[in-house]
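The values are calculated or read from the model by the stated rules, or taken from the named source; none is laboratory data. Since the structure is predicted, the reported quantities are computational estimates derived from the model, not experimental observations. Reconstructed Cβ throughout: ideal geometry from the backbone, glycine too, with neighbour counts over all protein chains shown. To get the accessible areas, we keep the full protein, side chains included, count just its heavy atoms, and leave off ligands, DNA and RNA. Shrake-Rupley method; radii C 1.70, N 1.55, O 1.52, S 1.80 Å.
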Amino acid sequence: QVQLVESGGGLVQPGGSLRLSCAVSGNIFSTNRMAWYRQAPGKQRELVAGINRSGSTSYGDSVKGRFTVSRDNAKRTVVLQMNSLKPEDTAVYYCNADIDKYGTTRYNNYWGQGTQVTVSS
C-alpha cells in the first residue's frame with residue numbers, strides 16, 4: 001500500500017526555522033509532481049510549494065523567499081525548508097504526490113496524514 005509519511009512538524013518561535021520531510025512508502029514505479037499544502041483552522045487548503053520530477057518549482061505568494069522545496073528522486077522524498085517563520089504560517093501541512101505504481105504513466109494523487117506546524121512565542 002502506498003503511503004506518504006511526513007515528519008518534522010512542531011512548535012517554533014517567530015523568525016525560526018523548521019524542516020518538513022515526506023517519504024513515499026510502498027512499492028511504486030515513479031513519482032511525478034510532489035508538493036506541500038497547508039490548511040489553517042477555518043481556511044481552505046492552499047498550495048505552499050510544488051516541485052516536478054525535473055526540479056521545476058512553484059511557490060505560494062505568501063512563502064516566496066522564505067520556503068524552499070527540494071526532492072530526492074532516488075530516495076523518493078520531498079523536503080520543505082521553512083525559514084523566517086511567521087505566526088500566520090501556523091497550519092497543518094500536508095504532503096501530496098502524483099504516483100505511478102505500475103509503470104503505466106498513469107498517475108494517481110496521494111495525500112499524507114498531515115503534520116502540525118505552530119509558530120508562536
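Give me the net charge for the shell around Tyr94: Cβ to Cβ below 9 angstrom, other residues only, Lys and Arg +1, Asp and Glu -1.
On the way: positive: Arg38, Arg45; negative: Glu6.
Net charge in that neighbourhood comes out at +1.
Using the Cβ atoms and a cut-off under 15 Å, what net charge is assigned to the surroundings of Val12, where Lys and Arg are +1 and Asp and Glu are -1? All intermediate terms of the calculation are to be shown ahead of the outcome.
Working: positive: Arg19, Arg38, Arg66, Lys86; negative: Glu88, Asp89.
That works out to +2.
Keeping the other protein chains in place, figure out the carbon and sulfur percent of the accessible area of the chain, with a 1.4 Å probe. Can you show the working numbers first?
Values: 2920 of 6520 Å².
C and S fraction of accessible area: 45 percent.
Run the numbers for Lys64 and Asn27: contour at 0.36 nm per residue of separation, minus the present Cα-Cα distance, in nm.
Values: separation 37, 0.36 × 37 = 13.32 nm, distance 3.36 nm.
Contour length minus the Cα-Cα distance gives 10.0 nm.
Reachable lysines from Lys86, Cα under 22 Å, same-chain residues fewer than 8 places away excluded?
Lys43, Lys64
Calculate, for region 22-121, the solvent-accessible area per residue in square angstrom, rolling a 1.4 angstrom probe over the heavy atoms of the protein chains. Before the final figure, lay out the partial values.
Details: 5290 Å² over 100 residues.
Heavy-atom accessible area per residue stands at 53 Å².
How much net charge surrounds Asn27 when only other residues with a Cβ under 13 Å from its Cβ are counted (Lys, Arg +1; Asp, Glu -1)? Don't skip to the end; give the middle numbers.
Values: positive: Arg76, Lys101; negative: Asp100.
The answer is +1.
Between Gln81 and Asp100, 0.36 nm times their residue separation minus their Cα-Cα distance comes to what? If you can, show how the numbers build up before the last one.
Details: separation 19, 0.36 × 19 = 6.84 nm, distance 2.58 nm.
Gain on extension, Gln81 to Asp100, equals 4.3 nm.
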